[in-house]
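Some notes on the structure that comes next.
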Amino acid sequence: MDVKSAFLNGYLDEEVYVQKRHGFEVKGSAHIMYKLKKALYGPKQDPRAWYARIYDPFHQYGFTRRKSEPTIYIMKKGQDILLMYLYVYDLIYMGSCAQLNDDFKVSMMQEFEMKDLGLMHYFLSMEVMILSSFINPNTLMKC
């Protein structure tokens, strides 16, 4: 899933000031600085603000973040497991239960404006293939 305008969802925990870009200035106000209330694409604080913002919904949903790789989250619910990888503003997730996958997708789409990209076919220029011999579709429905 792709989070639309992801960095605009972040909240800044420090004061950040910006000027209007060249060509967008209003005559006589080129010296004016603007204090950002929320993250904006461009400042170096934006990715950190985004990752801090998305942590809370993941945590509330029951995910724990891996210490060795802070962009990987795992949620266990009884015998079922849901793995989620956050890559900048894309969420890659898979689980042992179709209902768990669907519930997670709906929950995230309620929290953020997102686009469901469907099954993953490419990631970081690598082709991804789902081998049906390793997956029993019947086990995905039992949860």
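Please go through the stretch 83-110 and pick out each residue that is charged (D, E, K, R) and free of Cβ contacts under 8 Å to residues at least 40 places away in the same chain.
In the first step, residues of the stretch 83-110 are kept if they are charged (D, E, K, R); the result is 90, 102-103, 105.
Of everything in the stretch 83-110, those that are charged (D, E, K, R) and free of Cβ contacts under 8 Å to residues at least 40 places away in the same chain turn out to be Asp102, Asp103.
What number goes with the only condition from (1) acidic (Asp, Glu); (2) at pLDDT below 85; (3) exposed (fewer than 13 other Cβ atoms within 10 Å of the Cβ) that Asp2 does not pass?
Condition (3) is where Asp2 drops out.
Mind listing just one residue for me: the one in the stretch 66-79 that is part of a strand (DSSP E or B) and at pLDDT 90 or above and, of those, surrounded by the most Cβ atoms within 10 Å (Cβ to Cβ)? Can you show your working first?
Kept after step one, since they are part of a strand (DSSP E or B), are these residues of the stretch 66-79: 72-77.
Among the residues that remain, those that are also at pLDDT 90 or above are: 72-76.
On the way: Ile72: 16, Tyr73: 23, Ile74: 13, Met75: 18, Lys76: 12.
Checked the stretch 66-79; the qualifying residue surrounded by the most Cβ atoms within 10 Å (Cβ to Cβ) is Tyr73.
Show the residue pairs that are 6+ apart or on different chains and have beta-carbon atoms under 8 Å apart, the first residue being within the stretch 60-79 and aromatic (Phe, Trp, Tyr), the second being part of a loop (DSSP other than H, G, I, E, B) and modelled with pLDDT of 90 or more.
Once the first residue is aromatic (Phe, Trp, Tyr) and sits in the stretch 60-79, its partners that are part of a loop (DSSP other than H, G, I, E, B) and modelled with pLDDT of 90 or more give Tyr73/Phe63; Tyr73/Arg66.
Looking at the stretch 80-129, which of its residues are closer than 17 Å to Ala52 by Cα, among the aromatic types (Phe, Trp, Tyr) and surrounded by 14 or more Cβ atoms within 10 Å (Cβ to Cβ)?
The answer is Tyr85, Tyr89, Phe112.
Out of all the residues in the stretch 88-131, which are within 11 Å of the chain's Cα centre (by Cα) and either in a loop (DSSP other than H, G, I, E, B) or of a type in the set (Ser, Thr, Tyr) (or both)?
The answer is Val88, Tyr89, Tyr93, Phe112, Glu113.
Would you mind stating whether Tyr87 is among the aromatic types (Phe, Trp, Tyr), farther than 13 Å from Val3 by Cα and in contact with a strand residue (DSSP E or B) (Cβ under 9 Å, 6 or more places away or on another chain)? Before the answer, list the steps.
Values: among the aromatic types (Phe, Trp, Tyr): yes; farther than 13 Å from Val3 by Cα: no; in contact with a strand residue (DSSP E or B) (Cβ under 9 Å, 6 or more places away or on another chain): yes.
No; evaluated as a whole, the condition is false for this residue.
The values are calculated or read from the model by the stated rules, or taken from the named source; none is laboratory data. Please read these numbers as outputs of a predicted model, since none were measured by experiment. Neighbour counts are summed over all protein chains in view; Cβ atoms, including those assigned to glycine, are modelled from backbone coordinates with ideal geometry.
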